[in-house]
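The values are calculated or read from the model by the stated rules, or taken from the named source; none is laboratory data. On a predicted model such as this, the values are computed, not experimentally measured, just so you know. Every residue, glycine among them, receives a Cβ derived from its backbone with ideal geometry; neighbour counts consider all protein chains shown.
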Amino acid sequence: MPELDPMLPAPALFGEIDPPQRLLMGPGPVNAHPRVLRAMSADLLGQFDPEMTGYMNQVMALYRPVFGTANAWTMLIDGTARAAIEASLVSLVVPGDTVLVINFGRFGLLLQEILGRIGARIVTVDAPWGEVVPMAAIAEAIAAYGPKVVACVHGDTSTTMAQPLEGLGELCRAAGALAYVDATATLGGMEIAADRWGVDVVTGGLQKCLGGPSGSAPITISDRAAEHIFARRHVEQGIRRDDIVDGAGVRIGSNYFDLAMIMDYWSEKRLNHHTEATSMLYAARECARVALGEGLAARFARHAASGRAMTAGLRAMGLTVFGDDAHRMTNVTGVYIPAGIDGERVRTMMREHFEIEIGSAFGPLQGKIWRLGAMGYNAMRHKVLITLGALEACLAAEGFVLPLGAAVPAALAAWVA
Ligand SMILES: Cc1ncc(COP(=O)(O)O)c(C=O)c1O
């Protein structure tokens, strides 16, 4: 038996994982549904075990209604939401392609960052943070630039705005463009209608409205986009097979995020690409089962009630809610930090006194707003009320003069409105 080097310090064991019971009321991640946590503790299977491939097929079926689609290619990308974004863009876009980004916040900038690395020619149609881009401006930009792909975020958590997407697909199809949508922050909480919107690729994450942990990213791909992706198929050397033929297109610039190979893995071909993240697949499967069991319409209504209640409670405290009221995401609300109040001190007090996490902000909004989320398992009346009560107490302790006791009744009234 090899001995441990006696010159090295004895390894520390630290403690068993025993995190505090925080209530995560920021822009995500949020607390996972207990059923999802239980599913993750189930025993592991080999990746080609018929039980496992059966679960994979179930996941495909479960996520179709979640995405509002009949797309056969509906599955998971192993990794956080950003993994599915990157897989989509690197598989759709060839260096030099023109891509139009509908840009209204940090995650529109992320799309540009990823596209920049791919070598796309990036053009944008922009709105200031706190607003969305009018469909007429998108139509004009498509006509002006003739993009190969139009890429957009649905709900941008950095600004709390939800971009209307009705009609986007029609515009793209008329112009011969493919449409990509990042629905990480809204999937399972606001309606995602991939087929009705006519968009080609939509991606999500579990850690927001689906009430799971981060680390698995659902994706749906239209047949049109699939054709385009398979035209770029170049199966890696060690797993080539006679029944899987390469395409004539440019090889996808990433192995891990090569959608052609990932799709062959999820198909009955079961190409041995990566080792599917079994526990995350269990989590994703249970997230969808919880969402569909509740009913999507009921779930969207619960998120809408949470957003209404949060907004009403914040306003009743005398605070100013950030952004355009008409395009607010239902699951995350931005609110200005009042003058003279140290936003980080309040967040620390919320965490230390109440075990509640609320979010700070990025870029031009950093230090200016907090972001309060109520999504997935946390889009519940009592969690919204507890958060508002705690925030009121923290603000009062910091010397902010506010009508004590007003927020909770206002939120209760708005919940049922
Ligand atoms: C709209 C949006 N897109 C993408 C991401 C990135 O997700 P992840 O951190 O899981 O990669 C986030 C995370 O906050 C998000 O809100």
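Looking at region 41-58 only, could you name the residues that are over 17 Å from His273 (Cα atoms), hydroxyl-bearing (Ser, Thr, Tyr) and not in a loop (DSSP other than H, G, I, E, B)?
Across region 41-58, the qualifying residue is only Tyr55.
Of all residues in region 353-392, count the ones that are at positive phi, buried (at least 19 other Cβ atoms within 10 Å of the Cβ) and part of a loop (DSSP other than H, G, I, E, B).
The total comes to 0.
Take Thr275 and tell me if it is of a type in the set (Ser, Thr, Tyr), in contact with a helix residue (DSSP H, G or I) (Cβ under 8 Å, 6 or more places away or on another chain) and touching a residue at least 40 places away in the same chain (Cβ under 8 Å).
Here the answer is no, as Thr275 does not meet what is asked.
If you take just the helices (runs of 4 or more DSSP H) that sit entirely in region 186-294, which of them hold at least 1 residues that are more than 30 Å from Leu23 (Cα to Cα)?
Passing ranges, in order: 194-197, 223-230, 259-266.
Could you grab me the full set of residues in region 188-215 that are hydrophobic (A, V, I, L, M, F, W, C) and within 10 Å of the ligand (Cβ to nearest atom)?
Scanning region 188-215 gives a single hit, Leu206.
Step by step: first the residues of region 172-186, then only those that are under 22 Å from Asp324 (Cβ atoms) and of a type in the set (A, V, I, L, M), then the one that is nearest to the ligand (Cβ to nearest atom). Which residue is that?
Ala185
Would you say Ala175 is at pLDDT 95 or above, touching a Gly at 6+ places or on another chain (Cβ under 8 Å) and buried (at least 22 other Cβ atoms within 10 Å of the Cβ)?
Against the criterion (at pLDDT 95 or above, touching a Gly at 6+ places or on another chain (Cβ under 8 Å) and buried (at least 22 other Cβ atoms within 10 Å of the Cβ)), Ala175 does not qualify.
Which of the following residues is small (Gly, Ala, Ser) and not assigned by TED's automatic domain parsing to the domain that holds Val202: Gly54, Gly105, Gly26, Gly116?
Gly26
Of the residues Ile77, Ile102, Ile114, Ile85, which single one is under 14 Å from Leu281 (Cβ atoms) and within 13 Å of the ligand (Cβ to nearest atom)?
Ile77
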